[in-house]
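Enquirer: Handing you a structure now.
Values in this text are rule-based calculations from the coordinates and carry no lab data. Since the model is a prediction, treat every value here as computed from it, not as a measurement. Here Cβ is always computed from backbone atoms with ideal geometry, including for glycine, and neighbour counts include all displayed protein chains.
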Amino acid sequence: MFSKQSLQMLDTVARMGSFTAAAEHLHKVPSAISYAVRQVEQELGVKLFHRLTRKVELTEAGEHFIKEARLLLRQMEDVKSQIKRVESGYHKTVKLTLDNIVKIEPLKKLITDFYQTFDYAELQINMEVFNGSWEAISEGRADVVIGATSAIPVSGDYGVKSMGSIDWAYVMASDHPLANKPELTDDDLSRIPAICLDDTSIILPKRHTWHSAQQRRLLLPNWFSAIECLKSKVGMGYMPRHMASHFIAQNELIEVKLKGDKPLSACCLVWRKNQDNKLVEWLIDYLGDSDKLYHDWLE
């Protein structure tokens, strides 16, 4: 309904309180300004300014209109800047997914550094479990995933950087009735639920934390709830060592031995390559090489 020029003209009149002063500022004659204001008022069907002897004042409707007009002008400038940034590869948002397997502590510094580096961009952070992380990036819900595990179950143009392997500890509450046994048997395991994280994938096949074939599972949404169940002697199960070590040191959980080999999980950083997004490039460079990724997020 209104051009950028007409909104700027009305804003100038409101700020200067005079058609004459606004005309001088805009290098126009006062009659042109007066006529333009009257045209807008006729379109709106309301009076925006009280005409006084030497000045004009906003009506109540005019004050509301000018407030909205200034908002529109700012939005117009934002859109213009966004388009220029997108053309240069700087999008407004980068979607970051953390697999529930990684540490959370490094996130604070990452967020602080990101917002100090970019004065316009936003981080959208989500958390997934197992194949849910791969599904997020394959479906476009994530640009970057930290801690994707196992083999790549999806096709597409992705960048992948190894983060090393996750070491798992089989744990139970330190005061669990089976805590004093030197090694758990299949019969022991069959009587205790296995604490497992529930894969958040909907389309891809689900994967879960390893458990004995004899065990029933207790599927939980995250490690916070899993840890509470472990400490409450509801069940037992494998837990990433970098998460378990604190609770083992505090004697809230203990590590127990099982027959057979202990599982290891390959872990990686993965990102979408089929887009020109400088925010993604910055993030991949910021996260560093494989050694730094392992130290920051898994060790």
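Enquirer: Net charge near SER225: determine it from the other residues with C-beta under 13 Å of the C-beta of SER225, scoring Lys and Arg +1 and Asp and Glu -1.
Expert: -1
Enquirer: Using a Gaussian network model on the chain with a 10 Å cutoff between Cα atoms, which of SER150, SER138, SER212 fluctuates the most?
Expert: SER212
Enquirer: Hey, what angle do you get for helix 60-87 against the long axis of the chain, alpha-carbon based, 0 to 90 degrees rounded to 10?
Expert: 60 degrees
Enquirer: Per 0.36 nm of contour for each residue apart, how much would the distance between ARG217 and LEU72 grow if the chain were fully extended, relative to their Cα-Cα spacing?
Expert: Here the segment from ARG217 to LEU72 would lengthen by 46.7 nm.
Enquirer: While we're here: When only DSSP loop residues count, what trypsin sites (Lys or Arg not before Pro) in segment 166-226 have their Cβ near at most 15 other Cβ atoms within 10 Å?
Expert: ARG191, LYS206, ARG216
Enquirer: Label points 7 Å out from Cα along the Cβ direction at SER174 and VAL160: separation in nm?
Expert: Each label point is offset 7 Å from its Cα along the Cβ direction, giving 4.1 nm.
Enquirer: Positive end of the dipole of the chain, charges at C-beta (+1 Lys, Arg; -1 Asp, Glu), about the Cα centre: which of SER212, HIS50, TYR294 has its Cα farthest in that direction?
Expert: HIS50
Enquirer: Write out the GluC sites (Glu not before Pro) in segment 116-205 meeting two conditions: DSSP loop, and at most 13 other Cβ atoms within 10 Å of their Cβ.
Expert: Filter output for segment 116-205: GLU139, GLU183.
Enquirer: Past the 18 Å Cα-Cα mark, which pairs from LYS161/LYS273; LYS4/LYS67; LYS109/LYS273; LYS206/LYS257?
Expert: Details: LYS161/LYS273 13 Å; LYS4/LYS67 14 Å; LYS109/LYS273 25 Å; LYS206/LYS257 27 Å.
Listed pairs above 18 Å: LYS109/LYS273; LYS206/LYS257.
Enquirer: Now a separate question. Angle between the Cα long axis of helix 106-117 and the longest principal axis of the chain, 0 to 90 degrees, nearest 10?
Expert: 20 degrees
Enquirer: For ILE125, list long-range residues whose amide hydrogen, built 1.01 Å from N in the peptide plane, is under 5 Å from its own amide hydrogen.
Expert: Residues meeting the amide H criterion: LEU96.
Enquirer: Can you list the residues of segment 4-40 with backbone N under 15 Å from a point 7 Å past the Cα of THR59, pointing along Cα to Cβ?
Expert: It comes to 37-40, nothing else.
Enquirer: In sequence order, what are the phi-derived ³J(HN,Hα) couplings for segment 171-179 according to the Karplus relation 6.51 cos²θ - 1.76 cosθ + 1.60 with θ = phi - 60°, rounded to whole Hz, with x for glycine and proline?
Expert: 10, 8, 4, 5, 9, 5, x, 9, 5
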